[in-house]
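Worksheet for the structure shown next.
Derivation of every value follows stated rules applied to the coordinates shown; laboratory data play no part. All values derive from a computational prediction rather than experimental measurement. Neighbour counts run over all protein chains shown; Cβ positions are idealised from the backbone, glycine included.
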Amino acid sequence: MTTYHLTAKSSNAKTGPIAVTTSSADTCPKTCPFNNGGGCYAASGPLKLHWDKVTTGERGGDWLALQDSITAAKLKPGSLLRHNQAGDLPHENGVLNWSVIRYLYTIFQAAKLRAFTYTHHVQSEYNLQVVADCNAAGFTVNLSCDAESRAAEMHKLGFPSVCVTSQDDERKSWEVDGVKFQTCPAQLRDGVTCATCQLCSVADRNCVVAFRAHGNGARKVSQRVGI
């Protein structure tokens, strides 16, 4: 069973003190190049310990339990929520589960939260339509792309997009096919977090956000980065 856990005030240094959720590992696509030992940042360190407990059901519950947790937390209307500090959107064999996703963003809407997340699921026509519907409803879903050229292409189609660059990439901003790329500000300046930046929560932003490979698996991720 897919499980979800809410942390009302994160101690994650990257997100800053905002609300975050964690989804069980079964939500992650098998097609993700960083899955199964490929260097996923969430697959090591303290976050992995938490993620494992959510995956086994020791922490959290189904989407109804998540709704109860959000209600009980009494989060301030208009506050930021990073959905899936680990995990991805619910699916069935790689096909996004629109019914459950719709329930999730309805929960976020009811609490008046500015929720955002990322998905690395296959960018099929159906999955892209689900992502487009989420963004239109105010739940920002960023497409995680495997190459800069793909991220530029999807940005031109109106999708908020992100990609990963190698750990030693020193670029701060650049263009690919006329599309601006911006390295995650938190990786460029001390003291910047998701809480203060909020760039990835903006669905209609004017750039692709690039993340330099980081964490214990940075070297593996760097080897899988495409252009």
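Given points 7 Å out from each Cα along the Cα-Cβ axis, report the N97 to M1 separation in nanometres with one decimal.
Taking the simple label geometry, N97 and M1 are separated by 1.1 nm.
Quick check: net charge around A136, other residues with Cβ under 13 Å of its Cβ, Lys/Arg +1 and Asp/Glu -1? Before the final figure, lay out the partial values.
Numbers: positive: R102; negative: D133, D204.
Taking every other residue near A136 into account, the sum is -1.
Quick one: helix 63-73 against the long Cα principal axis of the chain, what's the angle to the nearest 10°, folded into 0 to 90?
The angle comes out at about 80 degrees.
What relative contact order, as a whole-number percentage, does segment 87-227 give when Cα pairs under 8 Å and 6 or more residues apart are counted? Each step should come with its number before you reach the end.
Details: 214 pairs, mean separation 31.6, N = 141.
So the answer I get is 22 percent.
With θ set to phi - 60° and the Karplus curve 6.51 cos²θ - 1.76 cosθ + 1.60, what are the ³J(HN,Hα) couplings of segment 79-95 in order, to the nearest whole Hz, using x for Gly and Pro?
For segment 79-95, the Karplus curve yields 7, 7, 10, 8, 7, 6, 5, 8, x, 9, 7, x, 8, 10, 6, x, 9 Hz.
Sequence gap at least 6, Cα distance under 8 Å: using those rules, report the relative contact order of segment 1-47 to the nearest whole percent. Write out the running numbers ahead of the final one.
Working: 38 pairs, mean separation 13.2, N = 47.
For segment 1-47, the relative contact order is 28 percent.
Using alpha carbons only, how many degrees (0 to 90, rounded to 10) separate the axis of helix 125-136 from the longest principal axis of the chain?
70
Among K48/K172; K14/K48; K53/K172; K48/K112; K9/K112; K14/K112, which pairs are too far apart, with a Cα-Cα distance over 25 Å? Don't jump to the answer; show the numbers that get you there.
On the way: K48/K172 29 Å; K14/K48 15 Å; K53/K172 36 Å; K48/K112 29 Å; K9/K112 16 Å; K14/K112 23 Å.
Pairs exceeding 25 Å: K48/K172; K53/K172; K48/K112.
What 222 nm value per residue comes from the helices of the chain, counting each DSSP H run with n ≥ 4 as -39,500 (n - 2.57) and dividing by all residues, nearest 500 deg cm²/dmol? Numbers along the way, then the final one.
Details: 7 runs with 68 residues, N = 227.
Value at 222 nm, helices only, nearest 500: -8500 deg cm²/dmol.
Between L157 and T71, how many nm apart are label points set 7 Å from Cα along the C-beta direction?
Going by the 7 Å Cα→Cβ label model, 3.8 nm.
Would you kindly derive the ³J(HN,Hα) couplings of segment 20-25 from the backbone phi angles with the Karplus curve 6.51 cos²θ - 1.76 cosθ + 1.60 (θ = phi - 60°), listing them in order in whole Hz, with x for Gly and Pro?
These are the phi-based 3J(HN,Hα) values: 9, 10, 10, 10, 4, 5 Hz.
Find how much the distance from W174 to S124 grows on full extension, using 0.36 nm per residue of separation minus their present alpha carbon separation; answer in nm with one decimal. Please report the intermediate quantities before stating the final value.
Numbers: separation 50, 0.36 × 50 = 18.00 nm, distance 2.77 nm.
Full-extension gain reported as 15.2 nm.
Non-local amide H neighbours of S166 (under 5 Å, H modeled in plane, Pro and chain starts lacking H): which ones?
It is A213, by chain and number.
On full extension of the chain, what length is gained from D204 through A13, given 0.36 nm per residue of separation minus the C-alpha to C-alpha distance?
Numbers: separation 191, 0.36 × 191 = 68.76 nm, distance 2.59 nm.
Here the answer is 66.2 nm.
Pulled fully out, how much extra length does the chain show between D133 and Q187, if you take 0.36 nm times their separation in residues and subtract their Cα-Cα distance?
Working: separation 54, 0.36 × 54 = 19.44 nm, distance 3.02 nm.
Fully extending the segment from D133 to Q187 adds 16.4 nm.
Taking the Cα atoms only, what angle lies between the long axis of helix 45-56 and the longest principal axis of the chain, rounded to 10 degrees?
Around 50 degrees separate the two axes.
Considering the chain as a Gaussian network with a 10 Å cut-off on Cα pairs, which listed residue, V179, V208, V162, attains the greatest mean-square fluctuation?
Answer for the Gaussian network model of the chain: V179.
Taking 7 Å along the Cα-to-C-beta vector as the label spot, tell me the A147-Q167 distance in nanometres, rounded to one decimal.
2.5
What does the charge dipole of segment 41-171 about its Cα centre add up to, to the nearest 20 debye, if the Cβ of each Lys and Arg holds +1 and the Cβ of each Asp and Glu holds -1?
Values: 12 positive and 14 negative charges, 135 e Å.
In debye, rounded to 20, segment 41-171 gives about 640.
Radius of gyration and Dmax for the chain's Cα atoms, expressed in Å?
Every Cα atom of the chain included, Rg and Dmax give 16.3, 47 Å.
Only bridges with both residues in segment 137-221 count here: give the DSSP antiparallel percent, nearest 5.
Restricted to segment 137-221, the bridges split so that about 30 percent are antiparallel.
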